[in-house]
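Student: This is the structure I want to talk about, given as structure tokens.
The values are calculated or read from the model by the stated rules, or taken from the named source; none is laboratory data. As the structure is a computational prediction, the values presented were derived from the model and not from experiment. All Cβ positions, even for glycine, are placed from backbone atoms using ideal geometry, and neighbour counts span all protein chains on display. Note: areas computed on protein heavy atoms with side chains; ligands, DNA, RNA excluded. Shrake-Rupley method; radii C 1.70, N 1.55, O 1.52, S 1.80 Å.
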Amino acid sequence: GKVKKKTLANLSHLPDNVIELIRKALKGEDVQSPTLEASQRQSADGAAAPPQALLPGFPPTINDNLIHGQVMVALKVIRELGLEEIISSNECQERNLVLAMIVNRIIRPKSKLSTVSWWKTTTLVDELGLEDADEDDLYAAMDWLYQKQGSIETKLAQRHLEEGGSAIYDLSSSYLEGGGCELAMYGYSRDKKRGKVQINFGLLTDRQGRPVSIEVYPGNITDSISFCPVVEKIRNEFNLNKLIIVGDSGMMVSKNIEILKGMKGIDWISALKTISIKSLVKDNIVQPSLFDERNILEIHAPDDYPGERLIFCRNPALAKKRTEVRLKLLEKTDEVLEKIKKRVDTGRLKGQDKISLAIDRVIDNFKMKKHFILEITNTSFIYTHNLQSINSENILDGIYLIITSLNNDTIRSDDVVREYKNLKNVERSFRSIKMKDLHIRPIYHYEFKRVKTHFFICMLAYYVLWHLKEAWRPLIFTDEESNLKDKNNPVTTAKQSDSAIKKLNIKKSIHGFDLSNFKCLFARFGTITKSIVELKLVNIPPITYKVQSEMDAHQAKAFELLDTIKTL
């Protein structure tokens, strides 16, 4: 019921007299036929120039409408980063194919066969000279990239890791459908996909989350086993003799700590598991009542942790949240157990074994079995709360323990906490690579080197995406002052900055444009196309030329912000 418009081509770059002639031709008015000489003049790029007149009743014909805006943005970021030179200093088809796979992963992550079909609908073919490439060329380029991964990672490490600085490492997994991959194993699934084989991969980033290196492992490898090879790579391949490595509690097992102690210059920051915290509290090495006045407490336990600093932290907001969640789960468990008790009391459920089986079937859903005392006979069932167990967990709510090899002269306690909390950046990387943006699954490969290269391409795509998101912070719903959130107190829950609250309220950028999330802003560039326009003339062959959609003010500002990537 509404009039709608669709832009087929932008003719504003043509001379005024030509625009007037086109306008008349589209209205069906008589116009003067062009001369052969005028219609065959060449434009600056070698294509035939637009004619000076059109035949009545023969409007311009659009033969191809190629995706260009998102390709233009991705290639702009790649060139601003100098990623072409990092991959290979010599231009070659393999390098261009790798760049095309990176761009494809950012815009439309699909299989290699689908990639070849898709990029023929984009300007990637012209931009990178891939007119004759097929899927076999892609696989050959992946094999070429497999040989280059080490040198590329070394260049990224030289750019983003500095002597005496810090790096973050963590391990994640990606499950697979089917079999055939030599890396596919059953193991601890971080995707919560029980019964599925998986591949593990470890990601090394700088403290801000820029990816530097990625390694692929069998699905049954543990965090601690994957840790030492990364340290060796840092020392031997990246030639860094002094570095702080930040990892979670699964990394720093006693065996790894002993290995790190033998590596001069390599320090670490990690956390202890809950069972270790309970042990320290039980031995009265730390008293939770001390957190009534402060939320950071540094202690020493030379007998258990010689030469290491233990930094206890307590987040009151997190403590309150965990207590509330536990109470709700206890209530839910009470409801389930009460139903079973009624069945037993009415005689519908009899036998100690059958009653126990019914209880086990439901109570583990809420992970609250440890907080209940169960008395079961053949004809009765009584349950009560284990107050001692509940109280012991209540005391530890919101408390976590950071451990480090760094001494007080090197770094303060609050800065140790800040460095540890940078783990959130690598977790953000995993979300983007696995689900949010790049969709690493399905993997579509089975050979080890192809699987490893697939993960490496995803890492390079995230490297581009990280910088693109940073450049667009002023135009999206992102706190531009997030690095200042924990400036005063790194333990308490970070609050949004005043500028972020203002952005949420007015939903406008400082440039006056509507704010959106990153995906919406990137999708906005999907409206920019390059079209091949054909003009039919009198007594001469048709003339074709390319027309590119013009950017609106919002798109122009977003594209302009890409120039700031050099300063990130």
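Student: With charges set only on the Cβ (+1 for Lys and Arg, -1 for Asp and Glu), what does the dipole of the chain come to about its Cα centre, in debye to the nearest 20? Don't jump to the answer; show the numbers that get you there.
Tutor: Details: 83 positive and 74 negative charges, 468 e Å.
Once rounded to the nearest 20, the dipole reads 2240 debye.
Student: Now for a separate question. Measure off, as a whole percent, the carbon and sulfur share of the 1.4 Å-probe accessible area of the chain, all protein chains present.
Tutor: 49
Student: Now a separate question. Can you tell me what share of the DSSP beta bridges in the chain is antiparallel? A percent to the nearest 5 is fine.
Tutor: In the chain, DSSP labels about 85 percent of beta bridges as antiparallel.
Student: Could you tell me whether region 209-353 comes out rounded, prolate or oblate from its Cα gyration tensor? Rule is a ≥ b ≥ c as square roots of the eigenvalues, rounded for a/c under 1.5, then prolate if a/b exceeds b/c, otherwise oblate.
Tutor: Numbers: a/c = 2.73, a/b = 1.76, b/c = 1.55.
Here region 209-353 falls in the prolate category.
Student: Which part of region 519-534 falls in the paramagnetic zone of LEU568, meaning amide N under 14 Å from the point 7 Å along Cα-to-beta-carbon?
Tutor: Under cut-off, by backbone N: 519, 522.
Student: Something else now. Just from its helices, what would the mean residue ellipticity at 222 nm be for the chain, if runs of 4 or more DSSP H residues each count -39500 (n - 2.57) and the sum is divided by every residue, rounded to the nearest 500 deg cm²/dmol? Spell out each step's value before the answer.
Tutor: Values: 20 runs with 238 residues, N = 568.
Computed ellipticity for the chain at 222 nm equals -13000 deg cm²/dmol.
Student: Taking each pair of different alpha-carbon atoms in region 271-422 once, compute 1/r for the pair, average those values, and report the inverse of that mean as the Kirkwood hydrodynamic radius in Å to one decimal.
Tutor: Numbers: mean 1/r = 0.0551 Å⁻¹.
Evaluated over region 271-422, this radius sits at 18.1 Å.
Student: Take the alpha carbon atoms of region 83-127, find their center, do the same for region 500-568, and report the distance between the two centers in whole angstrom.
Tutor: Between the Cα centres of region 83-127 and region 500-568 lies a distance of 21 Å.
Student: So, one more: Under 1.5 on a/c is rounded, so check that first for region 137-204, then, if it is not, pick prolate when a/b is larger than b/c and oblate when it is not; a ≥ b ≥ c are the square roots of the alpha carbon gyration tensor eigenvalues.
Tutor: Oblate.
Student: As I understand it, the value is the acute angle between the Cα axis of helix 448-471 and the longest principal axis of the Cα atoms of the chain; what does it come to in degrees, rounded to 10?
Tutor: Tilt of helix 448-471: around 80 degrees.
Student: Mind checking which of LEU562, LEU145, GLN158 is farthest towards the positive end of the chain's charge dipole, using Cβ charges of +1 (Lys, Arg) and -1 (Asp, Glu) about the Cα centre?
Tutor: LEU562
Student: In Å and from the alpha-carbon atoms only, list the Rg and Dmax of region 62-114.
Tutor: Here Rg and the maximum Cα pair distance are 12.4, 38 Å.
Student: Through the Karplus equation 6.51 cos²θ - 1.76 cosθ + 1.60, θ set to phi - 60°, convert the phi angles of region 560-568 into ³J(HN,Hα) values in whole Hz; use x for Gly and Pro.
Tutor: Per-residue couplings from phi come out as 5, 5, 5, 5, 7, 4, 4, 9, 6 Hz.
Student: Ok, one more. For a quick protection proxy, order the peptides 420-433, 370-383 by their average other-Cβ count within 10 Å, most packed first.
Tutor: Working: 420-433: 19.1, 370-383: 14.1.
Highest to lowest by the protection proxy: 420-433, 370-383.
Student: Mind grabbing the base-10 log of I(q)/I(0) for region 334-375 at q = 0.14 Å⁻¹? Debye formula, identical points on the C-alpha positions, no solvent, two decimal places.
Tutor: Taken in order of the listed q values, log10 I(q)/I(0) reads -0.29.
Student: While we're here: In region 160-290, what % of DSSP beta bridges are antiparallel (nearest 5)?
Tutor: Given both bridge residues lie in region 160-290, the antiparallel proportion sits at roughly 70 percent.
Student: Equivalent-ellipsoid semi-axes (√(5λ), Cα gyration tensor) for the chain, whole Å, largest first?
Tutor: 57, 30, 25
Student: Please label the shape of region 81-192 as rounded, prolate or oblate, based on the square roots a ≥ b ≥ c of the eigenvalues of the alpha-carbon gyration tensor (a/c under 1.5 means rounded; beyond that, a/b larger than b/c means prolate, else oblate).
Tutor: Taking the square roots of the gyration eigenvalues as a ≥ b ≥ c, region 81-192 is oblate.
Student: Using only Cα atoms, figure out Rg for region 311-352 and give it as a multiple of 2.2 N^0.38 Å.
Tutor: Relative to the 2.2 N^0.38 Å estimate, region 311-352 comes out at 1.92.
Student: Can you tell me the length gained on complete extension of the stretch LYS273 to GLU20, counting 0.36 nm per residue apart and subtracting the Cα distance?
Tutor: 83.5 nm
Student: Which order do the peptides 101-107, 260-266 come out in when sorted by mean C-beta neighbours inside 10 angstrom, highest first? Spell out each step's value before the answer.
Tutor: Numbers: 101-107: 24.1, 260-266: 13.1.
With the highest mean Cβ count within 10 Å placed first, the list reads 101-107, 260-266.
Student: Additional query: How high is the FRET efficiency between LYS495 and TYR146 when r is their beta carbon distance and R₀ equals 51 Å, given to the nearest 0.05?
Tutor: Approximately 0.65, to the nearest 0.05.
Student: Could you tell me the center-to-center distance, by alpha carbons, between region 140-217 and region 255-287 in angstrom?
Tutor: 26
Student: What full-extension length gain, to one decimal in nm, is calculated for TYR186 and LYS332 as 0.36 nm per residue of separation minus the Cα-Cα distance?
Tutor: The TYR186-LYS332 span can extend by a further 49.4 nm.
Student: Then there is this: Can you compute the modelled spin-label distance between LYS370 and GLU534, with each label point 7 Å from Cα toward Cβ, in nm?
Tutor: With each label point 7 Å from Cα toward Cβ, the separation is 7.3 nm.
Student: Using a probe radius of 1.4 Å on heavy atoms only, what accessible surface per residue do you get for region 233-385? Whole Å² is fine.
Tutor: 59
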